[in-house]
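Step one of this worksheet: look at the structure below.
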Amino acid sequence: MQIKKHIPNIITCGNAVCGCLAIVKVNEGNLTWACYLVGIALVLDFFDGFVARLLKVSSPIGKDLDSLADMITFGVVPAMIMFKLIDFSYTLSLQKSLNNREAFTLAGVVIDFRNDNFIKYFAFIIAVFSAIRLAKFNNDTRQTDSFIGLATPANSMIVCGFCLVLKQLDLNLFDIESVIENEQLFADNGNITGMVVMYLLNSPIALCLISIGLSLLLVVELPLFALKFKNFRWTDNKLRYIFLGICLILMVSFKFVGIPLIIFLYILLSIVDNIFLKKKV
């Protein structure tokens, strides 16, 4: 039966569809649903390769299709989300800097200032470096069983994780007044997560620097282990099972805040693996 060779590609196309729908949601301002769609795409991105190996139907076309789908979902979407976040941050900073409340409520004032907000376009550096990352991956023979540089799905998890933390904190980016009120509540209640998030939302420069940092992580010469299971034996997948177990604990304990913690843990475990564990082999 020839149909089985198309199954992994169908799953990959599902990834691309999720990315396209996520772009629509970002344009509508619904960042939460955009992140949910990226999450679904992450699952599909894991299973397309797994199914291909299981059915032994890997092909160059499948590899290229996977990279193209990843570019949409894990390259363009996080860049657009960051674009929206920087744009909001600039607007929030503008409102807080205006002493005359009535002046700000005149929509024309806000629109005029926001039209000068060129800094938000720095967000698209994520898309550019994602393209470079995927091109390198397709031509780098060193990355068959592991990664060199942060993979685009992991990079998108950091951006989407931040948006989902906003939801967890009940911050509505379309209601600036309520965001400012919540900022005071976070300070009064000693909510560290809320205060860190508000610091970033108050600083478009910080969000731009994060965009640049995430972009550099995509192409840095840092070996990272891959969550590719060729089998399910403990001896062959010890690091992966330990990582997944800690991920589960972090998500249960911290909910969406656990997502960026998971990525930092992933990088840390990879460094430990490279420095200590592989030296013993």
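The values are calculated or read from the model by the stated rules, or taken from the named source; none is laboratory data. This one's a predicted model, so the numbers in the text were calculated from it and none came from an experiment. Don't worry about glycine lacking a Cβ; one is built from the backbone with ideal geometry, like all the others, and counts go over all protein chains shown.
Within segment 237-246, is there a residue that is under 27 Å from Phe83 (Cβ atoms), modelled with pLDDT under 90 and touching a strand residue (DSSP E or B) at 6+ places or on another chain (Cβ under 7 Å)?
no
Please give the helices (runs of 4 or more DSSP H) falling wholly within segment 1-105 in which 3 or more residues are modelled with pLDDT of 90 or more and touching a Cys at 6+ places or on another chain (Cβ under 9 Å).
31-55, 77-97
For segment 194-235, which positions are in contact with a Phe, Trp or Tyr (Cβ under 8 Å, 6 or more places away or on another chain) and polar (S, T, N, Q)?
Ser211, Ser215
Test Val165 against the stated conditions and say whether it is assigned to a helix (DSSP H, G or I), of a type in the set (Val, Ile, Thr) and under 23 Å from Ala127 (Cα atoms).
Against the criterion (assigned to a helix (DSSP H, G or I), of a type in the set (Val, Ile, Thr) and under 23 Å from Ala127 (Cα atoms)), Val165 qualifies.
I'd like to know if segment 220-234 contains one or more residues that are out of contact with any Ser or Thr (no Cβ under 9 Å at 6 or more places or on another chain), in a helix (DSSP H, G or I) and β-branched (Val, Ile, Thr).
Checking segment 220-234: not a single residue is out of contact with any Ser or Thr (no Cβ under 9 Å at 6 or more places or on another chain), in a helix (DSSP H, G or I) and β-branched (Val, Ile, Thr).
Among the numbered criteria (1) closer than 30 Å to Phe46 by Cβ; (2) at pLDDT 90 or above, which one does Asp140 miss?
(2)
Within 24 Å of Asp140 (Cα to Cα), of a type outside the set (A, V, I, L, M) and at pLDDT 90 or above: is that true of Ser211 in this structure?
Against the criterion (within 24 Å of Asp140 (Cα to Cα), of a type outside the set (A, V, I, L, M) and at pLDDT 90 or above), Ser211 does not qualify.
Name the residue, out of Ile132, Ile111, Ile148, Ile119, that is touching a strand residue (DSSP E or B) at 6+ places or on another chain (Cβ under 7 Å) and either surrounded by fewer than 16 Cβ atoms within 10 Å (Cβ to Cβ) or at pLDDT below 90 (or both).
Testing whether each residue is touching a strand residue (DSSP E or B) at 6+ places or on another chain (Cβ under 7 Å) and either surrounded by fewer than 16 Cβ atoms within 10 Å (Cβ to Cβ) or at pLDDT below 90 (or both) leaves just Ile148.
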